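For reference, the structure is listed below as structure tokens.
Readers should treat all values here as calculations from the given coordinates under stated rules, not as data from a laboratory. Computed from a prediction, not measured in an experiment: that's the story for all the values here. All Cβ positions, even for glycine, are placed from backbone atoms using ideal geometry, and neighbour counts span all protein chains on display.
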Amino acid sequence: MEHQEHPVPELGRFAEPALLILVSLSDGPKHGYAIMTDVEAGTGHPMGPGTLYAALARLEERGLIEALAPVDRRRPYRLTAIGSQVLTEQLRDLAEFAELGLRRLGRVQR
Amino acid sequence: MRHLLLRVYPARWRARYGDEFETLLGERPLGPFDVADVLLGALDAHLHLRGLGAALEDRKGFPMTHRIGGYAAILGSLLWIVGLVASSLDGSDSAWPWLPLGLVGTALLLVAVIGLSAFQARRYPRLTWAACAVTAAGAAVAVVGLFGMVVTGDEPFFGLSGWSLWALGSLAMFGGSGLYAIATWRTHTLSRGAAALLGIASVAIVPAMMGVVGGPEQLAIAFFLIALAAFAGGWTTLGLSALRSQRPASSSVPGVAS
């Protein structure tokens with residue numbers, strides 16, 4: 001796949017919740033409560049409803065996720081193509097950074 | 001409880017996310033953490049939706065400073081020019097009420113230059129803060145001079161007459177405004193017309209002051225009037241453009257249904 005440059009979205013203090021939400025949506029659409037429980041199960045830390053929707057609104061504004069038709073007043077969200085690519089790039093950057101840190105700690109097994 | 005928490009959010013936000021958010025709040029019992037998180041989320045939604053579209057995202061750190069600076073610039077320039085002109089035309093020896101009016105106007109201009117300079121400092125930090133420092137120092141000296149005129153009249157104040165302090169401070173304000181005009185013109189975040197007016201004021205004040213120290217009087221008066229009008233007009237226009245920049249880029253906020 002051809003690599004395209006996307007500006008890293010400035011999400012300020014919502015950057016981390018936004019990343020967690022994007023990861024949660026990476027295996028398929030989810031509504032708000034499912035995202036919350038998924039994030040809590042994955043990280044062990046709670047994500048409050050206010051934080052969740054502040055981050056969702058920003059992600060939607062930037063076109064990284066899109067809302068689907070509501071089902072029983074629950075509205076699922078899914079990753080857009082750009083959202084998927086931005087997530088891939090961010091995770092790759094994080095992996096490189098983590099590898100660098102581990103290498104410096106002398107814990108990389110080769 | 002859920003309904004009450006939802007009401008804390010702005011109406012436009014509720015129109016888009018209200019139903020699903022209320023459903024989410026009903027999915028499980030709300031603890032103190034959740035309530036605090038929702039209240040902070042509501043505060044964020046108010047700040048985020050208040051004229052902040054994607055087009056204004058870059059300016060998000062300064063809306064309040066900018067708004068205060070805008071109002072201070074408009075009110076300050078008007079009070080400053082009214083106080084100055086009226087005290088010149090008033091034949092009585094009394095300093096009231098025109099000099100206090102000028103004092104308040106100058107203090108407001110000090111607030112304006114600090115508030116509006118903070119916005120521009122991102123692009124040209126040294127130039128903007130130099131302009132801010134010179135104008136602010138001038139405004140402070142002018143305020144002291146005006147205060148001296150109000151309290152002691154023509155008696156010396158800090159070794160100089162109140163009028164001399166005011167004139168020195170005002171000269172520095174004009175000079176600082178000239179630097180600020182360059183910063184404004186180059187940054188292009190506020191009105192370039194205002195920048196041009198402030199530039200004219202800072203240039204015209206030089207021959208005007210030369211007239212005070214012995215140059216041709218009629219010419220000096222003409223330059224003085226030009227400098228005053230351009231200075232007051234420049235700050236007023238700058239304030240108006242600062243307030244205009246607070247408006248949303250369009251009637252709709254991206255991602256939020258109207």
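Please order B:Thr128, A:Thr37 by the number of other Cβ within 10 Å, starting at the fewest. Don't skip to the end; give the middle numbers.
Working: B:Thr128 25, A:Thr37 16.
Lowest count first: A:Thr37, B:Thr128.
Which ordering of B:Phe33, B:Phe224 is given by a fewest-first count of other beta-carbon atoms within 10 Å?
Details: B:Phe33 10, B:Phe224 17.
Exposure proxy ranking, most exposed first: B:Phe33, B:Phe224.
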One finds, for B:Leu47 and B:Val85 with R0 = 51 angstrom and r their Cβ-Cβ distance, a FRET efficiency to the nearest 0.05 of 0.80
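Taking each residue in A:60-69, count the Cβ atoms of any other chain within 10 Å of its Cβ, then average. What number comes out?
Details: counts 5, 8, 4, 3, 0, 1, 1, 4, 0, 0.
For this peptide, the per-residue mean of nearby foreign Cβ atoms is 3.
Can you compute the FRET efficiency between B:Leu168 and A:His45 using 1/(1 + (r/R0)^6), with r the Cβ-Cβ distance and R0 = 41 Å? Round to the nearest 0.05.
0.10
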Taking the number of other C-beta atoms within 10 Å as the exposure measure, put B:Asp19, A:Asp38 in order starting with the fewest.
B:Asp19, A:Asp38
Please sort by residue number the chymotrypsin sites (Phe, Trp or Tyr not before Pro) in the stretch B:150-196 whose DSSP state is loop and whose Cβ has at most 15 other Cβ atoms within 10 Å.
B:Phe158
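What's the magnitude of the charge dipole for the stretch B:61-244 around its Cα centre, counting Lys and Arg as +1 and Asp and Glu as -1 at the beta-carbon? Answer in Debye, nearest 20. Walk me through the intermediate numbers first.
Details: 7 positive and 5 negative charges, 231 e Å.
The dipole magnitude comes to about 1100 debye.
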Between A:Ala81 and B:Phe33, with labels modelled 7 Å along Cα→Cβ, what's the label distance in nm to one decimal, could you check?
3.9
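So if each residue of separation counts as 0.36 nm, and I subtract the Cα-Cα distance between B:Arg7 and B:Arg126, what length gain in nm does that give? Don't skip to the end; give the middle numbers.
Details: separation 119, 0.36 × 119 = 42.84 nm, distance 4.49 nm.
Fully extending the segment from B:Arg7 to B:Arg126 adds 38.4 nm.
If the chain between B:Ala222 and B:Arg186 were fully stretched, how many nm would it gain, using 0.36 nm times the residue separation less the Cα-Cα distance? Could the numbers behind the result be given before it?
Working: separation 36, 0.36 × 36 = 12.96 nm, distance 2.90 nm.
Here the segment from B:Ala222 to B:Arg186 would lengthen by 10.1 nm.
According to the square roots a ≥ b ≥ c of the eigenvalues of the Cα gyration tensor, what is the shape class of the stretch B:61-244, taking rounded for a/c under 1.5, prolate for a/b larger than b/c otherwise, and oblate for the remainder? List each step's numbers first, then the result.
Details: a/c = 1.85, a/b = 1.52, b/c = 1.22.
Because a/c hits 1.5 or more and a/b exceeds b/c, the stretch B:61-244 counts as prolate.
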